[in-house]
Amino acid sequence: MISFNNVSMRYPNSAHLFRQVSFSIEKGDFVLVTGQSGAGKSTLLKLMAGIEPPSSGHILINEQDISQLHPNAIPYLRRRFGLVFQDHKLLYDRNSFDNVALPLSIQGITGEDAARRVRAALDKVGLLNKEKAMPITLSGGEQQRLAIARAVVSRPSIVIADEPTGGLDKTASLEIMQLLKAFNDVGVTVIIAMHDVAQVSTIAYRTLHIEQQTISAMPAQAGIL
Ligand code: ADP
Ligand code: ADP
């Protein structure tokens, strides 16, 4: 579903983050991207989602080389991805419902159809009773669950989360991981960047570990940390 072929990446005027890396992620995988701070985890996620171009090599999403896509096709590519960030990137002047409705309204889906989908997504993350709440009144864990509802409301086939449990306590972190796993269980490919994998002890996952400009892929394992 996602394949990297001899991909190298460096930002202008800095050293390579990785050189000539090749790996693939299959539909339905639950993948952790690990590595020290600054290793290039966020960058790897951005390459996958077509947000940053690689310095060289090819990235294929469903057999399609994303560097060859017509600019008009980029919004359609983005729609396949639900993105979740550590800092949520919620709109703090809009309530929960409106935050989740935003990706739909960008796609021209409004009214009852949108409302039904927004409520279904809020229900999945356990926030149906908070649809009118402003994000600032929610706990850190609830804000992250709201960000997940917004990421999945367009039914993406891939969810990418960058340190989604950053700043959360252990209980809230575990809830977020279990929620992402629940989407994975219904077929969504889930890719999570994390420097601390201690919370995921009961979840089977594959890892892509970034170190010394290379990426090593390890097969599915139940966490042992
Ligand atoms: P991680 O997520 O593993 O902490 P990042 O992918 O965020 O790593 O960053 C890897 C390195 O690339 C860091 O040294 C960071 O400063 C640098 N970097 C990240 N984004 C940019 C950018 N847009 N321009 C230049 N350097 C960047
Ligand atoms: P509906 O089909 O009415 O949208 P569902 O209960 O099937 O309701 O899904 C509710 C919400 O859960 C969806 O809007 C979406 O946010 C999320 N969801 C459920 N299944 C998937 C899936 N396979 N991929 C992505 N998101 C999903």
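So, in the stretch 6-17, of the ones that are within 14 Å of ligand 1 (Cβ to nearest atom) and assigned to a strand (DSSP E or B), which residue ends up surrounded by the fewest Cβ atoms within 10 Å (Cβ to Cβ)?
Only one residue fits best here, namely His16.
Could you tell me which of the residues Gln20, Gln36 is under 20 Å from the mean Cα position of the chain (by Cα), away from ligand 2 (no atom under 16 Å from the Cβ) and open to solvent by 80 Å² or more (accessible area, probe 1.4 Å)? Break it down into steps so the answer makes sense when it comes.
On the way: Gln20 fails: under 20 Å from the mean Cα position of the chain (by Cα).
Answer to the check: Gln36.
Confirm whether Val159 is open to solvent by 10 Å² or more (accessible area, probe 1.4 Å), within 26 Å of Thr43 (Cβ to Cβ) and within 10 Å of ligand 2 (Cβ to nearest atom).
no
Which numbered condition trips up Gly57, out of (1) modelled with pLDDT of 95 or more; (2) open to solvent by 60 Å² or more (accessible area, probe 1.4 Å); (3) under 30 Å from Ala204 (Cβ atoms)?
Looking at each condition in turn, Gly57 falls short on (2).
Here's the yes/no breakdown for (1) within 14 Å of ligand 2 (Cβ to nearest atom); (2) modelled with pLDDT of 95 or more:
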position	(1), (2)
Leu146	yes, yes
Ser154	yes, no
Ser173	no, no
Gln199	no, no
Thr202	no, no
Thr207	no, no
Ser216	no, no
Leu225	no, no
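Can Ser139 be described as within 16 Å of Val190 (Cα to Cα), open to solvent by 10 Å² or more (accessible area, probe 1.4 Å), away from ligand 1 (no atom under 16 Å from the Cβ) and hydroxyl-bearing (Ser, Thr, Tyr)?
In short, no.
Please go through the stretch 131-162 and give me each residue that is of a type in the set (Val, Ile, Thr) and in contact (Cβ under 8 Å) with a residue 40 or more places away in the chain, ordered by number.
Matches in the stretch 131-162: Ile136, Ile148, Val152, Val153, Ile158, Val159, Ile160.
State the number of residues belonging to the stretch 100-115 that are surrounded by 19 or more Cβ atoms within 10 Å (Cβ to Cβ) and more than 19 Å from the chain's Cα centre (by Cα).
Matching residues across the stretch 100-115 total 1.
Yes or no: Gln86 touching a residue at least 40 places away in the same chain (Cβ under 8 Å) and farther than 19 Å from Lys46 by Cβ?
No, not satisfied.
Please identify the pairs in which a residue from the stretch 107-130 that is touching a residue at least 24 places away in the same chain (Cβ under 8 Å) has its Cβ atom under 7 Å from the Cβ atom of a residue that is surrounded by 13 or more Cβ atoms within 10 Å (Cβ to Cβ) and outside any helix (DSSP H, G or I), counting only partners at least 6 apart or on another chain.
Partner pairs satisfying both residue conditions: Gln107/Ser154; Arg117/Val153; Val118/Val153; Ala121/Val153; Leu122/Glu131; Lys130/Leu138.
For Ser24, only one of the following conditions fails: (1) free of Cβ contacts under 8 Å to residues at least 24 places away in the same chain; (2) in contact with a Phe, Trp or Tyr (Cβ under 9 Å, 6 or more places away or on another chain); (3) within 14 Å of ligand 1 (Cβ to nearest atom). What is its number?
(3)
Which residues, counting only those in the stretch 153-177, are small (Gly, Ala, Ser) and on the phi < 0 side of the Ramachandran plot?
Ser154, Ser157, Ala161, Gly166, Ala172, Ser173
Checking Val118 against (1) away from ligand 1 (no atom under 16 Å from the Cβ); (2) open to solvent by less than 50 Å² (accessible area, probe 1.4 Å); (3) β-branched (Val, Ile, Thr); (4) at pLDDT below 95: exactly one of these is not met. Which one?
Only one criterion is unmet by Val118, namely (4).
Select, from Arg150, Arg78, Arg94, the only residue that is open to solvent by 80 Å² or more (accessible area, probe 1.4 Å) and under 20 Å from the mean Cα position of the chain (by Cα).
The match here is Arg78.
The values are calculated or read from the model by the stated rules, or taken from the named source; none is laboratory data. Only a predicted model underlies this, so the values are computations on that prediction, with no experimental measurement involved. Cβ sites come from the backbone with ideal geometry, for glycine too, and all protein chains shown count toward neighbours. Only protein heavy atoms, including side chains, enter the accessible area calculation; ligands, DNA and RNA are left aside. Shrake-Rupley method; radii C 1.70, N 1.55, O 1.52, S 1.80 Å.
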